[in-house]
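Read through the structure below, which is laid out as structure tokens, and then see the notes.
The values are calculated or read from the model by the stated rules, or taken from the named source; none is laboratory data. For clarity, every value in this text was computed on a predicted model and none was experimentally measured. Methodologically, a virtual Cβ is constructed for each residue, glycine included, from the backbone with ideal geometry; neighbour enumeration extends over all protein chains shown.
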Amino acid sequence: MIMLKKLKGYFSFKGRIGRKGYIISFISLVIMNVIMNNNKDSIILYCLWIFFLYFSLAQGSKRCHDLGRSAWWQFVPLFPLWLFFSRGQKGSNRYGEDPMELTTPAANASE
């Protein structure tokens with residue numbers, strides 16, 4: 001049940017993620033794109049591309065939220081580069097709790 005909740009969180013457009021989580025997601029997507037480009041003729045891979053596009057947009061939305069911005073900012077040219085290097089807002093904002101504060105042992109005990 002906990003695993004399903006975490007998996008669902010990766011595809012949610014709500015909440016916040018930090019730089020590390022965003023960069024790991026981005027690298028995963030780049031690796032999958034390289035693998036998928038070797039077999040361009042498969043309809044299954046096109047379906048997977050849609051799946052990964054959704055995942056990418058969800059992660060970008062949460063990273064924008066960490067900076068206190070609307071998710072629409074991820075569509076501004078070169079703004080995704082800013083997502084890699086900018087620190088998120090400290091403490092909670094209108095999009096949720098600070099992901100850096102959620103990694104404390106007290107936060108993990110409440111799950």
task: Report, ordered by the first and then the second residue, all pairs with beta carbons closer than 7 Å, sequence separation of six or more or different chains, a first member in segment 70-84 that is within 17 Å of F26 (Cβ to Cβ), and a second member that is surrounded by 11 or more Cβ atoms within 10 Å (Cβ to Cβ) and of a type in the set (V, I, T).
output: F84/I23
- line: Filter segment 13-53 for residues that are under 9 Å from the mean Cα position of the chain (by Cα) and not in a helix (DSSP H, G or I); the one that is farthest from R87 (Cα to Cα) is F13
- prompt: Could you list, in sequence order, the residues of segment 35-69 that are of a type in the set (S, T, Y) and touching a residue at least 40 places away in the same chain (Cβ under 8 Å)?
  reply: Y54, S61
- prompt: Got at least one residue in segment 21-34 being aromatic (F, W, Y), closer than 18 Å to P99 by Cβ and touching a residue at least 60 places away in the same chain (Cβ under 8 Å)?
  reply: yes
- request: Would you please name the residue that is modelled with the highest pLDDT, looking only at residues in segment 54-111 that are of a type in the set (S, T, Y) and crowded, with 16+ Cβ neighbours inside 10 Å?
  value: S61
